[in-house]
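Visitor: Here you go, one structure.
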């Protein structure tokens, strides 16, 4: 079978690693023509080139929150000779164009909530806008709630909010909503034959908003780490008490619960003076500095910022950690960090929300905490530090759900359903 695949590949993210694994597991059984944006991230292109599949760079544009590919003759010919077309990230608005060329089956991944709300991460942060159906007043309420959260947690100062925050809340809120209404319509939804949600929680949210999609959404968990990779990374496990640290790698976006974690770490520090908080990924140093200045914290010396590190080094950091922390306050579509850490045998303390609760088995592979509650998060981290964990059990229990064979069986069922 021949598949044409659309993937913007504009930036490196957790979704990228899931997409790469998807292609890695299927490339020996199917032929792929992969269409990516001309201005793709060099790191992403370099990573994809290791798969030895056909990669074609084409023009694409950002429309509202989506990526739209410009269809030329070469793409038309690929579509005409394909058995199916895959949309791997946020390229959904290309689907109606595909259907005009040929009525070929289109399968689209749902990795975010863009189809049901014009704001991506922010929409589910402070006000749960999309959970109560999207509307302009709710968008405004959400954006205002976000800026209130920014001020309260020292992301921005009050003057900055009054100078530009109100413009973004009211002006851009209306613009976002109008553009989104113009983009997402029945024509787009009817152009996609099957959607793949990456968790049951995600499917529930989508079908709440668009009940007609219920029969068109299949749940297939993201492929994560192979047994071979896990076996190699585990060789770097270090259990020495002199290297006591927990790891967080989800960035400083408020919806990821970064400030919740800092407040929780302040509580933990009172009992664990030797504990370090290791941060991997990209962070705004000004946010950390403001937190330390406003809160008058002495914990900042115990925070180690590694920055963006090689993927293999990231996995080694997970396996050497006493715990990996994932304190999101929005319903994560999946939670790749959680699955990776547990596959490596490291217990996870994560929010009891969204797709996360489908990965963490509470009190077995880690602990679930109340979203947005620093005290409960700190209590669960302390419980994790004080407990002797069966790391092999954590790894084995996670592999039962997230292994290559389960993924291949489910994804092939999806392919059979549309073909």
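Visitor: So if the hydrodynamic radius of region 227-401 is defined as the Kirkwood radius over C-alpha pairs, what does Stokes-Einstein give as its diffusion coefficient at 20 °C and 1.002 mPa s, in µm² per second?
Guide: In µm²/s, the coefficient is 134.
Visitor: What does the highest-first list of 51-61, 339-349 look like by mean Cβ count within 10 Å?
Guide: Descending packing order for the listed peptides: 339-349, 51-61.
Visitor: Can I ask one more? Under the definition of Cα pairs under 8 Å and six or more residues apart, what whole-number percent is the relative contact order of region 305-419?
Guide: 24
Visitor: Output the 0 to 90 degree angle, nearest 10, between the alpha-carbon long axis of helix 285-295 and the longest principal axis computed from the alpha carbons of the chain.
Guide: The helix 285-295 is inclined about 40 degrees to the chain.
Visitor: Compute the relative contact order of the chain as a whole-number percentage, counting only Cα pairs closer than 8 Å that sit 6 or more residues apart in sequence.
Guide: For the chain, the relative contact order is 14 percent.
Visitor: Give the angle, between 0 and 90 degrees and rounded to the nearest 10, that separates the Cα long axis of helix 14-26 from the longest principal axis of the Cα atoms of the chain.
Guide: The helix 14-26 is inclined about 50 degrees to the chain.
Visitor: Hey, could you get me the Stokes-Einstein D for the chain, Kirkwood radius over alpha-carbon pairs, 37 °C and 0.692 mPa s, rounded to whole µm² s⁻¹?
Guide: 146
Visitor: Here's another thing I want to ask about it. Taking the beta-carbon count within 10 Å as an exposure proxy, list 338, 229, 224 from fewest neighbours to most.
Guide: 229, 224, 338
Visitor: Using only Cα atoms, tell me the angle between helix 374-386 and the longest principal axis of the chain; keep it within 0 to 90° and round to the nearest 10.
Guide: Approximately 80 degrees, to the nearest 10.
Visitor: Let me ask something additional. Counting helices only, and only those DSSP H runs with n ≥ 4, report the 222 nm mean residue ellipticity of the chain as the sum of -39,500 (n - 2.57) divided by its residues, in deg cm²/dmol to the nearest 500.
Guide: -12000 deg cm²/dmol
Visitor: In addition: Packing-wise, with mean Cβ within 10 Å as the measure, how do 21-30, 358-367 rank, highest first?
Guide: 358-367, 21-30
Visitor: Based on the Kirkwood radius over alpha-carbon pairs, what value in µm²/s does the Stokes-Einstein equation return for the translational diffusion coefficient of region 331-412 at 10 °C and 1.306 mPa s?
Guide: This corresponds to a translational diffusion coefficient of 122 µm²/s.
Visitor: While we're here: Using only Cα atoms, what Kirkwood radius does region 224-291 have, in angstroms?
Guide: So the Kirkwood estimate lands at 14.2 Å.
No lab work stands behind these numbers, since they all come straight from the coordinates. All of these numbers come straight from a predicted model, not from anything done at the bench. Here the Cβ is made from the backbone with ideal geometry for all residues, glycine too, and neighbour counts use every protein chain on show.
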